[in-house]
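Colleague: Okay, here's the structure, questions in a sec.
The values are calculated or read from the model by the stated rules, or taken from the named source; none is laboratory data. What you see is a predicted model; the values in this text were computed from it and never measured. So basically every Cβ, Gly included, is an ideal-geometry build from the backbone, and we count neighbours across all protein chains shown.
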Amino acid sequence: MQISLLYVSRSVGPQTTTVTESILKTAHAHNKAHGITGVLCQGQGLFLQLLEGERSKVNRLFGRIMADSRHKDVELLHFEEIRQRRFGAWSMAHVELSALDPMIQLQHPEFDPYSASGPVMMAQLSELLRAGLPISPP
Ligand SMILES: Cc1cc2nc3c(=O)[nH]c(=O)nc-3n(C[C@H](O)[C@H](O)[C@H](O)COP(=O)(O)O)c2cc1C
């Protein structure tokens with residue numbers, strides 16, 4: 001059974017390229033080995049990540065991610081069974097959440113994943129991906 005899981009968290013410390021690269025390096029290796037795909041949106045002090053894969057594997061990974069000291073306030077936004085993956089081609093796509101993104105500007109200050117409903121955040125994620133640039137793994 002395949003599921004998708006969306007969560008939001010707050011970065012601990014500045015979101016430097018070094019931190020991002022380190023997270024993505026681990027993610028690409030681990031996710032490939034465990035059949036997990038998804039997208040990591042990052043910026044504005046936030047992480048917004050969608051994980052897809054076998055339910056047990058995604059749950060196990062989410063447990064590890066929650067324990068990661070590089071972020072805090074991890075909050076589950078949406079969880080559903082899926083028939084088809086949306087990010088089947090990416091072991092972890094990456095999108096920068098820039099303050100200049102039209103979508104964030106338009107939505108501001110409503111762009112607050114901590115108060116939005118899960119389905120609204122799923123819809124906003126789709127909007128972000130239309131505006132953003134997913135970067136495929138090396
Ligand atoms: C925002 C964020 C997203 C992460 N995404 C993933 C991921 O998709 N896959 C992964 O294996 N690790 C990811 N990690 C790293 C894990 O939290 C953890 O450090 C890694 O799986 C190694 O776990 P271990 O130290 O228990 O072996 C992420 C970490 C953060 C802070």
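Colleague: Within region 10-52, which residues are part of a helix (DSSP H, G or I), of a type in the set (A, V, I, L, M, F, W, C) and closer than 25 Å to Q124 by Cβ? Outline the logic, then answer.
Modeller: Within region 10-52, the subset part of a helix (DSSP H, G or I) is 17-34.
From what is left, the residues that are of a type in the set (A, V, I, L, M, F, W, C) are 19, 23-24, 27, 29, 33.
Result: V19, I23, L24, A27.
Colleague: Evaluate the following for R64: is it out of contact with any Phe, Trp or Tyr (no Cβ under 8 Å at 6 or more places or on another chain), of a type in the set (D, E, K, R), near the ligand (Cβ under 10 Å from one of its atoms) and over 23 Å from A116 (Cβ atoms)? Steps first, answer last, please.
Modeller: Numbers: out of contact with any Phe, Trp or Tyr (no Cβ under 8 Å at 6 or more places or on another chain): yes; of a type in the set (D, E, K, R): yes; near the ligand (Cβ under 10 Å from one of its atoms): yes; over 23 Å from A116 (Cβ atoms): yes.
It is true that R64 is out of contact with any Phe, Trp or Tyr (no Cβ under 8 Å at 6 or more places or on another chain), of a type in the set (D, E, K, R), near the ligand (Cβ under 10 Å from one of its atoms) and over 23 Å from A116 (Cβ atoms).
Colleague: Looking only at residues that are within 9 Å of the ligand (Cβ to nearest atom) and among the hydrophobic types (A, V, I, L, M, F, W, C) in region 49-61, which one is farthest from the chain's Cα centre (by Cα)? Explain how you work it out, then say what you get.
Modeller: Going residue by residue through region 49-61, those that are within 9 Å of the ligand (Cβ to nearest atom) are 49, 51, 61.
Checking which are among the hydrophobic types (A, V, I, L, M, F, W, C) leaves us with 51, 61.
Working: L51: 7, L61: 13 Å.
Ranking the candidates gives L61 first.
Colleague: What are the residues in region 89-123 that are of a type in the set (A, V, I, L, M, F, W, C), at pLDDT 60 or above and not in a loop (DSSP other than H, G, I, E, B), if any?
Modeller: Residues satisfying the conditions are A93, V95, V120, M121, M122, A123.
Colleague: Considering only region 21-45, state which residues are within 12 Å of H71 (Cα to Cα) and more than 8 Å from the ligand (Cβ to nearest atom). Write out each step before concluding.
Modeller: Residues of region 21-45 within 12 Å of H71 (Cα to Cα): 23, 42, 45.
The one that is within 12 Å of H71 (Cα to Cα) and more than 8 Å from the ligand (Cβ to nearest atom): G45.
Colleague: Taking region 1-19, which residues are surrounded by fewer than 18 Cβ atoms within 10 Å (Cβ to Cβ) and within 9 Å of the ligand (Cβ to nearest atom)? Before the answer, list the steps.
Modeller: Of all residues in region 1-19, those surrounded by fewer than 18 Cβ atoms within 10 Å (Cβ to Cβ) come to 1-3, 10, 12-14, 16-19.
Hits for region 1-19 are V12, V19.
Colleague: Still on this structure: What is the number of the single condition among (1) polar (S, T, N, Q); (2) within 20 Å of M121 (Cα to Cα); (3) part of a helix (DSSP H, G or I) that S4 does not meet?
Modeller: Of everything listed in (1) polar (S, T, N, Q); (2) within 20 Å of M121 (Cα to Cα); (3) part of a helix (DSSP H, G or I), S4 misses just condition (3).
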